[in-house]
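Single-structure report; data block below.
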Amino acid sequence: MRSVTVLGATGSIGVSTLDVIARHPDRFRVYALSAHRQIDRLFDQCLTHRPVVAVVGDAVAAAQLEGRLRAAGCSSEVAYGAAALDEIASADQVDTVMAAIVGAAGLRSAVAAARAGKQILLANKESLVMAGRVFLDACRAGGASILPIDSEHNAVFQCLPAAGASPVESRGVRRILLTASGGPFRLATLEAIEAATPDQACAHPKWSMGRKISVDSATMMNKGLELIEAHYLFDVPDAALEVVVHPQSIVHSLVEYVDGSVLAQLGNPDMRTPIAHALGFPERIASGVSPLDLARVGRLDFEAPDPVRFPCLHLAREALRAGGGAPCVLNAANEVSVSAFLDEQIRFSDIARVNDSVLSALGAQAAGAEVDHVLEIDQRARAMARECSRGLLR
Ligand code: NAD
Ligand code: MG
């Protein structure tokens, strides 16, 4: 029986994770769940999954949740704040940690799981983008392993040769191709993109996701963050990473070998597949995802990404090439600009403007050598991004 903590249980990935877990009561038990603000949903999840601990953002929410749980006869302990997140990510009773908090807010708890040697199911790509080396070093020091949840990286993981100590290049891998759906604005004109509203940006044609990653998909910054994520996860250089737009979202990514073979992982676009793959690994377990009907899909299209309409993808490439603190700076700027866009303070196309300005100004600095240093770089970039966003106020 594996004991699982789900960080970010109330989000899109968290809900899908609990859906898969509920299909296998013989394999998994939930040790802890966390949520930031969605207390109603967390309350329901506690009644269903009976975690030992539930963690929320602050004392007021904790008192409210605790009162409701006791009244409903549920004995889950309730805690709050960052230290409590670290605690449920690293507790001795836990084997597996699903890291599904969105954004930089997920870094500390993911690193806590790494130091404690957990099996980390990594959905929170931002932590790897911000703190790649620091995070990987923490995994090594703690004896933790990472299984990628991002569908592209999970696909690559499935197509790579069996894990080994040597870099993937020396095991015959030539290139990794990440597929991108192209998002809701794949066919939109530059003018339409300029005027896009938050609801339009969040209406993803293939995936149902949280609002931040939905906007990232619309700008294609998501694919940019995924290039950086792939660089760290698979230890491949920028030159061996490519992006191809594939609007059907059936091929989740591909690995090309030196002999010309290209292996791909296919499936319906449903995050329960990579989640079940990682939860069951190395065994295969049912996910609830419907079988792929290729005749119904009909065709699989591929095209090159358009750098003019989607400048964020190029910014991420620049940050990857620059290395050092650049990915952390870009990630922080992007979290601020996306949030300003969702609050209707700046326009959609301003996201790339803010990201570009902040990356140009602060990108050339060394990487943070430890978590606190990474967070300092993150804070500095956020401050500047807020300033830039204010300059663009609508
Ligand atoms: P979401 O917005 O639906 O959920 C986010 C979760 O994080 C919620 O449980 C929320 O309570 C929690 N949270 C938010 N702010 C927090 C804070 N300050 N402190 C603590 N907890 C906080 O997001 P999502 O779509 O589930 O994405 C989660 C992560 O998974 C992101 O890093 C995203 O990039 C990644 N991811 C998501 C998908 C997807 O299909 N949704 C696919 C690939 C990768
Ligand atoms: Mg992805």
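Could you please find all residues in the range 218-269 being among the basic types (Lys, Arg) and open to solvent by 40 Å² or more (accessible area, probe 1.4 Å)?
Residues satisfying the conditions do not exist here.
Among the candidates Gly106, Gly132, which residue alone is within 16 Å of ligand 2 (Cβ to nearest atom) and either small (Gly, Ala, Ser) or surrounded by fewer than 20 Cβ atoms within 10 Å (Cβ to Cβ) (or both)?
Gly106
Yes/no per residue for (1) under 21 Å from Asn124 (Cα atoms); (2) assigned by TED's automatic domain parsing to the domain that holds Gly391; (3) out of contact with any Gly (no Cβ under 7 Å at 6 or more places or on another chain):
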residue: Glu318; (1), (2), (3): no, no, yes
residue: Ala333; (1), (2), (3): yes, yes, yes
residue: Ala340; (1), (2), (3): yes, yes, yes
residue: Asp343; (1), (2), (3): no, yes, yes
residue: Asn355; (1), (2), (3): yes, yes, yes
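Among the residues of the range 159-181, is any touching a Pro at 6+ places or on another chain (Cβ under 8 Å), assigned by TED's automatic domain parsing to the domain that holds Lys223 and within 16 Å of ligand 2 (Cβ to nearest atom)?
Checked the range 159-181: at least one residue is touching a Pro at 6+ places or on another chain (Cβ under 8 Å), assigned by TED's automatic domain parsing to the domain that holds Lys223 and within 16 Å of ligand 2 (Cβ to nearest atom).
Say whether the condition of being over 25 Å from Met98 (Cα atoms), aliphatic (A, V, I, L, M), at pLDDT 95 or above and more than 16 Å from ligand 2 (Cβ to nearest atom) is met by at least one residue in the range 220-239.
Yes, the range 220-239 contains at least one residue that is over 25 Å from Met98 (Cα atoms), aliphatic (A, V, I, L, M), at pLDDT 95 or above and more than 16 Å from ligand 2 (Cβ to nearest atom).
Give the number of residues within the range 147-158 that are more than 13 Å from ligand 2 (Cβ to nearest atom) and either within 15 Å of the chain's Cα centre (by Cα) or without any contact (Cβ under 8 Å) to a residue 40 or more places away in the chain (or both).
1
May I ask you to verify whether Ala333 is under 22 Å from the mean Cα position of the chain (by Cα) and open to solvent by less than 10 Å² (accessible area, probe 1.4 Å)?
In short, yes.
Would you pick out the residues in the range 32-45 that are more than 18 Å from Ala99 (Cα to Cα) and away from ligand 1 (no atom under 11 Å from the Cβ)?
Asp40, Phe43, Asp44
So for the range 88-98 (the condition being within 16 Å of ligand 2 (Cβ to nearest atom) and closer than 15 Å to Thr17 by Cβ), does at least one residue qualify?
So far as the range 88-98 goes, yes, one or more of its residues are within 16 Å of ligand 2 (Cβ to nearest atom) and closer than 15 Å to Thr17 by Cβ.
It is to be established whether one or more residues within the range 47-63 are buried (at least 18 other Cβ atoms within 10 Å of the Cβ), touching a Leu at 6+ places or on another chain (Cβ under 9 Å) and of a type in the set (S, T, N, Q).
Among the residues of the range 47-63, not one is buried (at least 18 other Cβ atoms within 10 Å of the Cβ), touching a Leu at 6+ places or on another chain (Cβ under 9 Å) and of a type in the set (S, T, N, Q), which makes the answer no.
When you scan the range 80-89, do you find a residue that is among the β-branched types (Val, Ile, Thr), surrounded by fewer than 17 Cβ atoms within 10 Å (Cβ to Cβ) and either at negative phi or over 22 Å from the mean Cα position of the chain (by Cα) (or both), even just one?
no
Filter the range 143-194 down to the residues that are modelled with pLDDT of 95 or more, open to solvent by 40 Å² or more (accessible area, probe 1.4 Å) and hydroxyl-bearing (Ser, Thr, Tyr) and list them by number.
Ser145, Thr189
The rows are residues; the columns are (1) within 22 Å of the chain's Cα centre (by Cα); (2) of a type outside the set (Lys, Arg).
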site: Gly11; (1), (2): yes, yes
site: Val15; (1), (2): yes, yes
site: Arg23; (1), (2): no, no
site: Arg29; (1), (2): no, no
site: Leu33; (1), (2): yes, yes
site: Arg37; (1), (2): yes, no
site: Arg41; (1), (2): yes, no
site: Asp44; (1), (2): no, yes
site: Arg50; (1), (2): no, no
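Look at Ser170 and say whether it is free of Cβ contacts under 8 Å to residues at least 40 places away in the same chain, over 21 Å from Ala100 (Cβ atoms), among the polar types (S, T, N, Q) and not in a loop (DSSP other than H, G, I, E, B).
For Ser170, the condition - free of Cβ contacts under 8 Å to residues at least 40 places away in the same chain, over 21 Å from Ala100 (Cβ atoms), among the polar types (S, T, N, Q) and not in a loop (DSSP other than H, G, I, E, B) - is met.
In the range 56-77, is there at least one residue being within 18 Å of Gly11 (Cβ to Cβ), of a type in the set (Val, Ile, Thr) and in contact (Cβ under 8 Å) with a residue 60 or more places away in the chain?
No, every residue in the range 56-77 fails to be within 18 Å of Gly11 (Cβ to Cβ), of a type in the set (Val, Ile, Thr) and in contact (Cβ under 8 Å) with a residue 60 or more places away in the chain.
A quick yes/no check of all residues on (1) basic (Lys, Arg); (2) farther than 12 Å from Leu7 by Cα; (3) in contact with a Lys or Arg (Cβ under 7 Å, 6 or more places away or on another chain):
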| residue | (1), (2), (3) |
| --- | --- |
| Cys74 | no, yes, yes |
| Ala82 | no, no, yes |
| Ala104 | no, yes, no |
| Val111 | no, yes, no |
| Gly117 | no, yes, no |
| Leu122 | no, no, no |
| Val129 | no, yes, no |
| Cys139 | no, yes, no |
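Quick one: what pairs do we get from the range 109-130, first residue assigned by TED's automatic domain parsing to the domain that holds Ser12, second near ligand 1 (Cβ under 10 Å from one of its atoms) and among the acidic types (Asp, Glu), C-beta under 6 Å, 6+ apart or different chains?
Partner pairs satisfying both residue conditions: Lys125/Asp150; Lys125/Glu229; Leu128/Glu229.
The values are calculated or read from the model by the stated rules, or taken from the named source; none is laboratory data. Note that the structure is a prediction, hence the values are computed from the model and not measured. No Cβ is skipped: glycine too gets one built from the backbone with ideal geometry, and neighbour counts run over all protein chains shown. Note: accessible area is taken over every heavy atom of the protein model, side chains too, but ligands, DNA and RNA are not part of it. Shrake-Rupley method; radii C 1.70, N 1.55, O 1.52, S 1.80 Å.
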